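> This is the structure, below, for whatever I ask next.
The values are calculated or read from the model by the stated rules, or taken from the named source; none is laboratory data. Everything quoted here is computed from the prediction, not taken from an experiment. Cβ placement follows ideal geometry from the backbone for every residue including glycine, while neighbour counts extend to all protein chains displayed.
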Amino acid sequence: MPELIRELKVRDIVLFNVVAIVGIRWISIAAATGPSSISLWILALILFFIPQAVAVIYLSKKYPVEGGVYEWAKVEFGDFHGFVAGWCYWANNLVYYPSLLISVAAIAAFIVPGGSGLAANKIFIATVSLIVLWTAIGFNVVGVKIGKWVQNIGAIGTFGPILVIAVLAGIIIYAGKSQTHFTIGDMLPTKLDYGTLSFWSSMCFALAGLELAAVMSAEIVDTARTIRKATYLSGAAIVVVYLVGTISLLVGIQAKDVNLVTGLVESIHKLEMETGLRYLTKISALLITIAGVGGAGAWLAGSARILFVTGIDNYLPSAFGKIHPTWKTPHIAIIFQGLIATAFLLMSFIGASAEQAYLVLVDATIIVYFIPYIYIFLAAVRIFGREAKETPGSGPLFRIIVSITGGVTTVAAILLTLFPPEAGGSPLLFITKSLGSSLAFVAVGVLIFWIAKRRGVAVQ
């Protein structure tokens, strides 16, 4: 493999995980469900987030190589499965970037004086989205040593608004003016229907991403140890941010009034007016925009490494496997990723408003992204199974149970995503669109693999 620079340390991976996983928009989506989302967050934590952390820590220890899930699946299940896992991981980002960038651009409108109306302006949203995307690309192309600061600073942009809204919410709660009650009964789901279950699968998706840093394993100092420590620290931070953010948002706005894209900023604005403080909305919007640049940079950097390793294996053009002679980054893979993301971003605005474009993309993203997770949990089960045979005990058995739990949750999340939300439309049309678009992405990957094999590609 071409020489890469080991530059990323524990602090970098902690901040990388936070900015990659925490999506401010997910806090708005959760809050729109009301206080019952708190118990659903906790359930997603137990059944998905913790199993994910266990699997990633042990797989990174067993196979600390560039490519992460691509290599894990390839070693455990063969070349075909490795390519499918890597392809789905990369293809998911084609629809994830637009959803991330659209939400960030809508929030960036609040930075402009009197510019909240720009959140529905497609030209503004598209322009800001492209600026954010290519800023992240530029920093990542010029090297990990520089590019990591996009993620590091972006993580600070993630924590900032949560701290602001938490302090404001505390003031409002003390004054007895909270817009939402938080009794035990209120925080439990009132009904267990398809809408609630489908929403819960989205919450699992919001907690996914601990495996992303492992895709860059050859650029991490002391990979296994660093990922283990960073997973513990960032995992705790991510859970706190989601729970505190959701509760604080609901203090300012009732669930029925939460905008799915800009809800957090709107709640900060309302709390700001209540407390008589100034400029916090614009500061928060700026911080969220910075976090968006960091999030885009993290997913761009990680998913481009999939192109990089498949280019080395000659399944995709070998140019993707080249690194820049000075910057030591897979620059061609990163730039190509940016060009494809730009195309998908612009296509997402055809015939749809910013919020509609965002919502349409979410379900296909979840299905395609969770396919690699099936491989992650299956690979973990195989590793822990071998470990249990070699050294019988409660430890390996516990890890097997945890990994199976994560795998079952992943399959359930994929199936639940196929059910239409209560807002409705035609259920058959919804399923056809979600499943059809997801299968199309997978089919393209299988075709590419088949063509490469016909050419006689042999993975080394």
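> Which pairs do you get when a residue that is over 20 Å from Ile268 (Cβ atoms), found in segment 170-188, comes within reach of a residue that is not in a loop (DSSP other than H, G, I, E, B), reach meaning Cβ atoms under 7 angstrom, with the pair 6+ apart or on two chains?
Short answer, once both residue conditions are applied: Met187/Ile38; Met187/Ser39; Leu188/Ser39.
> Going through Thr231, Thr262, Thr158 one at a time, which residue ends up being over 23 Å from Val132 (Cβ atoms) and in contact (Cβ under 8 Å) with a residue 24 or more places away in the chain?
Residue meeting the stated conditions: Thr231.
> Count, please, the residues in segment 313-339 that happen to be closer than 21 Å to Trp299 by Cβ, hydrophobic (A, V, I, L, M, F, W, C) and touching a helix residue (DSSP H, G or I) at 6+ places or on another chain (Cβ under 6 Å).
Of the residues in segment 313-339, 5 are closer than 21 Å to Trp299 by Cβ, hydrophobic (A, V, I, L, M, F, W, C) and touching a helix residue (DSSP H, G or I) at 6+ places or on another chain (Cβ under 6 Å).
> If you check Gly407 against the conditions, is it touching a helix residue (DSSP H, G or I) at 6+ places or on another chain (Cβ under 6 Å), of a type outside the set (Val, Ile, Thr), surrounded by 18 or more Cβ atoms within 10 Å (Cβ to Cβ) and at pLDDT 95 or above? If you could, list the steps in order and put the result at the bottom.
Values: touching a helix residue (DSSP H, G or I) at 6+ places or on another chain (Cβ under 6 Å): yes; of a type outside the set (Val, Ile, Thr): yes; surrounded by 18 or more Cβ atoms within 10 Å (Cβ to Cβ): yes; at pLDDT 95 or above: yes.
Yes: the conditions hold for Gly407.
> When the residues of segment 258-270 are filtered to those that are part of a loop (DSSP other than H, G, I, E, B) and surrounded by 22 or more Cβ atoms within 10 Å (Cβ to Cβ), which remaining residue is modelled with the lowest pLDDT?
Val261
> Right, here's the next one. Do we have Ala109 as farther than 27 Å from Thr326 by Cα and not polar (S, T, N, Q) here?
yes
> If you go through segment 216-233 one residue at a time, do you hit one that is out of contact with any strand residue (DSSP E or B) (no Cβ under 6 Å at 6 or more places or on another chain), at pLDDT below 90 and farther than 22 Å from Leu416 by Cβ?
no
> Would you point out the residue of segment 141-183, among those that are in a helix (DSSP H, G or I) and either of a type in the set (Lys, Arg) or in contact with a strand residue (DSSP E or B) (Cβ under 6 Å, 6 or more places away or on another chain) (or both), that is surrounded by the most Cβ atoms within 10 Å (Cβ to Cβ)?
Lys148
> When Leu210 is evaluated against the numbered criteria (1) at pLDDT 95 or above; (2) in a helix (DSSP H, G or I); (3) among the aliphatic types (A, V, I, L, M), which criterion, by number, is the only one it fails?
Of the numbered conditions (1) at pLDDT 95 or above; (2) in a helix (DSSP H, G or I); (3) among the aliphatic types (A, V, I, L, M), the odd one out for Leu210 is (2).
> Now for a separate question. Could you run through segment 89-116 and say how many residues are assigned to a loop (DSSP other than H, G, I, E, B) and touching a Leu at 6+ places or on another chain (Cβ under 8 Å)?
The total comes to 1.
> I've got another one for you. For Val112, are the conditions met, namely being closer than 30 Å to Arg11 by Cα and β-branched (Val, Ile, Thr)?
So Val112 fails the test.
> Right, next: Under the condition of being of a type in the set (Val, Ile, Thr) and under 26 Å from the mean Cα position of the chain (by Cα), which residue from segment 184-215 is surrounded by the fewest Cβ atoms within 10 Å (Cβ to Cβ)?
Thr196
> Now for a different question. Give me a count of the residues in segment 271-285 that are of a type outside the set (Ser, Thr, Tyr) and surrounded by fewer than 18 Cβ atoms within 10 Å (Cβ to Cβ).
6
> Name every residue in segment 30-88 that is in a helix (DSSP H, G or I), within 20 Å of Pro396 (Cα to Cα) and hydroxyl-bearing (Ser, Thr, Tyr), in order of residue number.
Of everything in segment 30-88, those that are in a helix (DSSP H, G or I), within 20 Å of Pro396 (Cα to Cα) and hydroxyl-bearing (Ser, Thr, Tyr) turn out to be Tyr58, Ser60.
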